[in-house]
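Nothing in this text is a laboratory measurement; each read-out follows from the coordinates by a stated rule. For clarity, every value in this text was computed on a predicted model and none was experimentally measured. Note that each Cβ is placed from the backbone with ideal geometry, even for glycine, and that neighbours are counted across all protein chains shown.
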Amino acid sequence: MADFEFSEDGRKVIKCPGGHEPKSCSYNQGTGRCTISFQKSQCQDCPHKEQCHPRMFKRVSRKTVTSKSNQRAKQQRERRTEEFKKQSRFRNGVETIPSILRRKYGIDNIPVRGLIRIRFFFGCKIGALNIKKFCRYMQGQDKCALKMATA
């Protein structure tokens, strides 16, 4: 679906994945679907026939596509790339700190009033998180030092 080329307004299919121009293209305003027709011989010899699944008739083959499904297929294709996976890992790393502060440290329910007290309370929570991370890091360093000493 991602390889169908649409016009800029999304109402007309210009090319199919096989590179063929449609014989006819009609757009349904209510549903947003484009019904495209090709010569039967074009679709029978096409290498993309198994993925496309056109309806074969006596002289023509017909396929119904939407620009939304085309955009969705492009997004799914992009999600499989290494670059996207790398960015999603980075995003997950960024979102962990607010999540930990909410779940473990109860940052949503601050029992004090006043700007200075709230800042102090929040700072203590951040400090506790940093100390816990530092302790975990040092425990890992001790294990590394033990492995080096025994080797």
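Step through the residues of segment 73-90 one at a time and calculate ³J(HN,Hα) from phi using the Karplus curve (6.51 cos²θ - 1.76 cosθ + 1.60, θ = phi - 60°), rounding each to whole Hz and writing x for Gly and Pro.
5, 5, 5, 5, 5, 5, 5, 7, 6, 5, 4, 5, 4, 5, 5, 5, 5, 4
Extending each Cα 7 Å along its Cβ direction at LYS12 and ARG59, get the distance between those two points in nm, one decimal.
Here the modelled spin labels are 2.3 nm apart.
Let me know the charge dipole size of segment 5-74 about its Cα centre in debye, to the nearest 20, where only the beta-carbon of Lys, Arg (+1) and Asp, Glu (-1) is charged.
The dipole magnitude comes to about 300 debye.
Place +1 on the Cβ of every Lys and Arg and -1 on the Cβ of every Asp and Glu in the chain, take the dipole about the Cα centre, and give the residue among SER69, HIS48, GLY93 whose Cα lies farthest towards its positive end.
Most positive-ward Cα: GLY93.
In deg cm²/dmol, rounded to 500, what helix-only [θ] at 222 nm does the chain give when every DSSP H run of at least 4 residues adds -39500 (n - 2.57) and the total is split over its residues?
Counting only the DSSP helices, I get -17500 deg cm²/dmol.
What distance in nm separates the two pseudo spin-label positions at ILE97 and GLU50, each 7 Å out from Cα along the beta-carbon direction?
For ILE97 paired with GLU50, the spin-label model returns 4.9 nm.
Report, in debye and to the nearest 20, how large the dipole of the chain comes out about its Cα centre when Lys and Arg carry +1 and Asp and Glu carry -1 on their Cβ.
Charge dipole, the chain, about its Cα centre: 560 debye, nearest 20.
Which one of ILE131, PRO111, PHE84 has its Cα pushed farthest toward the positive end of the charge dipole of segment 81-150, where Lys and Arg give +1 and Asp and Glu give -1 at the Cβ?
PRO111
Treating segment 81-150 as a set of equal point scatterers at the Cα positions, no solvent, please give the Debye-formula log₁₀ I(q)/I(0) at q = 0.19, 0.24 Å⁻¹.
-0.87, -1.01
Using mean projected area of the Cα convex hull in nm² as the read-out, say which of (1) 10.4; (2) 12.1; (3) 18.6 was calculated from these coordinates.
Checking each listed value against the structure points to (3).
Can you compute 3J(HN,Hα) from phi for each residue in segment 53-60, using the Karplus curve 6.51 cos²θ - 1.76 cosθ + 1.60 with θ = phi - 60°, rounded to whole Hz and x for Gly and Pro?
Taking θ as phi minus 60°, the curve returns 6, x, 7, 8, 10, 4, 10, 10 Hz for segment 53-60.
Over 20 Å between C-alpha atoms is what I'm after, so list which of LYS15/LYS74; LYS86/LYS132; LYS23/LYS68 land there.
From LYS15/LYS74; LYS86/LYS132; LYS23/LYS68, over 20 Å: LYS86/LYS132; LYS23/LYS68.
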